[in-house]
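Enquirer: Quick one: structure below, then a few questions.
All of the numbers you see were taken from the coordinates with simple rules; none came from a lab. None of these values were measured; they are calculated from a predicted model. Glycine gets a Cβ as well: all are built from the backbone with ideal geometry, and neighbour counts include every protein chain shown.
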Amino acid sequence: MKILDTRIRPPFGSFKGGFYNQRNNRVEATKKLAKGRFGMPTPPSLDTGSMEMLLQEMDAAGVEQAISPIRVRNGDNDNADAPKLCEAYPNKFFGVPTVDLFFGQKENLRIIDAYIVNGPCRALMVEPGFSEQPMYADDERFYYIYEKCQTEQIPLMMAFGGFIGPDYSYCQPLHIDHIARDFPKLKIFLTHGGWPYVTQVCHVASNRGNVWVAPDLYLMRSPGWRDYVEAANCMLLDKICYGSAYPIVDIQAAVDYYLQAGFSEEALPKVMYDNAATFLGLE
């Protein structure tokens with residue numbers, strides 16, 4: 001069975017300034033988060049910051065491809081590393097650049113054109129609730145970005161759920177329903193799965209044909225996780241996607257958890273590869 005991990009931040013380039021940073025205790029904080037909130041182990045490659053070790057871990061777990069979104073809010077990542085990652089590992093890693101309103105419209109459009117329209121990247125990332133000035137996802141100041149993506153047929157990934165925002169109102173699925181309604185040809189992919197609004201986000205994805213849901217680590221022992229599985233087995237057969245949230249969670253442990261979570265024989269290959277491949281335009 002093919003596996004496409006929809007959320008891996010590899011120890012590559014400026015990605016190392018995030019979770020792998022030993023100087024500000026990010027590694028220990030990541031381990032505490034993984035164990036304390038999700039009961040999951042972290043990978044050995046978190047300690048070493050080794051790209052070679054990550055590739056070995058992926059191979060051992062049967063993960064063939066990975067989507068790697070950039071996060072720029074804390075200065076962790078550099079958008080230029082998204083195309084560099086694509087070029088260094090073609091058809092293995094899909095680096096995804098991020099835009100934010102505080103960049104300014106000119107810079108945001110430059111990023112989209114340079115790295116996606118005329119570059120090797122296949123998708124764009126936005127994190128409205130995690131912006132320097134947090135905003136709701138359906139804030140119309142973002143609409144020129146959504147319009148650009150719809151016009152250029154660029155799949156849009158959005159960090160939506162969990163701790164993305166000053167409070168959990170930023171994760172309310174009604175914001176996504178508005179965007180999906182206003183931009184019906186825009187592919188929208190929700191990392192963190194809209195948690196904790198699990199049933200509501202499943203309703204939006206079932207009602208809007210252009211919304212995909214990736215619970216990633218929020219399917220791992222979080223309250224409501226079984227609802228994602230039930231949705232994948234029926235009403236969202238073509239919409240639920242796998243993600244490990246590496247390096248927070250060990251790749252093999254994440255794969256094993258999903259394989260044993262209760263997905264039907266029909267749903268499992270769709271969750272682990274097919275649905276994300278459809279979103280990304282790989283198939």
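Enquirer: What shape does the stretch 1-101 have by the C-alpha gyration tensor, where a ≥ b ≥ c are the square roots of the eigenvalues, rounded means a/c under 1.5, and otherwise prolate means a/b greater than b/c and oblate the rest?
Expert: Verdict is oblate for the stretch 1-101.
Enquirer: Additional query: Pull out the extension gain between Thr199 and Ala60, defined as 0.36 nm times the separation in residues minus the alpha carbon to alpha carbon distance; nm, one decimal.
Expert: 46.7 nm
Enquirer: Going by how many other Cβ atoms sit within 10 Å of their own, how do Lys35, Lys92 line up, fewest first?
Expert: By the 10 Å Cβ count, ascending, the order reads Lys35, Lys92.
Enquirer: Same structure, new question: Which ordering of Met157, Met51, Met1 is given by a fewest-first count of other beta-carbon atoms within 10 Å?
Expert: Starting with the residue having the fewest Cβ neighbours, the order is Met1, Met51, Met157.
Enquirer: While we're here: Say the dipole of the chain comes from +1 at the beta carbon of Lys and Arg and -1 at that of Asp and Glu; which of Tyr168, Ala88, Ile240 then lies farthest toward its positive end?
Expert: After comparing all options, I get Tyr168.
Enquirer: At 37 °C and 0.692 mPa s, grab the translational diffusion coefficient of the chain from Stokes-Einstein with a Kirkwood Rh over Cα pairs, rounded to a whole number in µm² per second.
Expert: After rounding, the answer is 177 µm²/s.
Enquirer: Under the rule of -39500 (n - 2.57) per DSSP H run of 4 or more residues, summed and divided by the residues of the chain, what mean residue ellipticity at 222 nm is obtained, to the nearest 500 deg cm²/dmol?
Expert: Counting only the DSSP helices, I get -9500 deg cm²/dmol.
Enquirer: What is the sum of charges, Lys and Arg at +1 and Asp and Glu at -1, for the other residues whose Cβ falls under 14 Å from the Cβ of Gly193?
Expert: Computed value for this residue: +1.
Enquirer: Around Met125, with a cut-off of 11 angstrom between Cβ atoms, what is the net charge of the other residues, counting Lys and Arg +1 and Asp and Glu -1?
Expert: 0
Enquirer: Under the rule of at least 5 residues apart or a separate chain, name every residue whose amide H is placed under 5 Å from the amide H of Leu4.
Expert: Amide H neighbours of Leu4, under 5 Å, 5+ apart: Tyr273.
Enquirer: Okay, next question. Packing-wise, with mean Cβ within 10 Å as the measure, how do 5-18, 52-65, 185-198 rank, highest first? If you can, show how the numbers build up before the last one.
Expert: Numbers: 5-18: 21.7, 52-65: 17.4, 185-198: 23.7.
With the highest mean Cβ count within 10 Å placed first, the list reads 185-198, 5-18, 52-65.
Enquirer: For the chain, calculate the relative contact order in percent as a whole number, restricting contacts to Cα pairs under 8 Å that are 6 or more residues apart.
Expert: Normalised by residue count, the contact order of the chain is 21 percent.
Enquirer: Evaluate the Debye formula for the stretch 192-283 with equal point scatterers sitting on the alpha carbons, no solvent, and hand back log10 of I(q)/I(0) at q = 0.17, 0.20, 0.23 Å⁻¹, in q order, two decimals.
Expert: Rounded to two decimals, the profile gives -0.64, -0.90, -1.20.
Enquirer: Please list the radius of gyration and Dmax for the stretch 125-210, considering alpha-carbon atoms only, with Å as the unit.
Expert: So, for the stretch 125-210, Rg and Dmax equal 11.7, 32 Å respectively.
Enquirer: Multiply the residue gap between Lys106 and Asp167 by 0.36 nm, knock off their C-alpha separation, and tell me the result in nm, one decimal place.
Expert: Full-extension gain reported as 19.0 nm.
Enquirer: Which one, Pro69, Ala261, Gly18, projects farthest toward the positive side of the charge dipole computed for the chain from Cβ point charges (K/R +1, D/E -1)?
Expert: Gly18
Enquirer: Take each of the peptides 219-225, 101-107, average the number of other beta-carbon atoms within 10 Å over its residues, and list them starting from the highest.
Expert: Values: 219-225: 18.3, 101-107: 13.1.
By packing density, highest mean first, the sequence is 219-225, 101-107.
Enquirer: If you build the convex hull over the alpha carbons only and average its shadow over all orientations, what do you get for the stretch 182-231? Give it in nm² to one decimal.
Expert: Working: hull surface 12.9 nm².
That works out to 3.2 nm².
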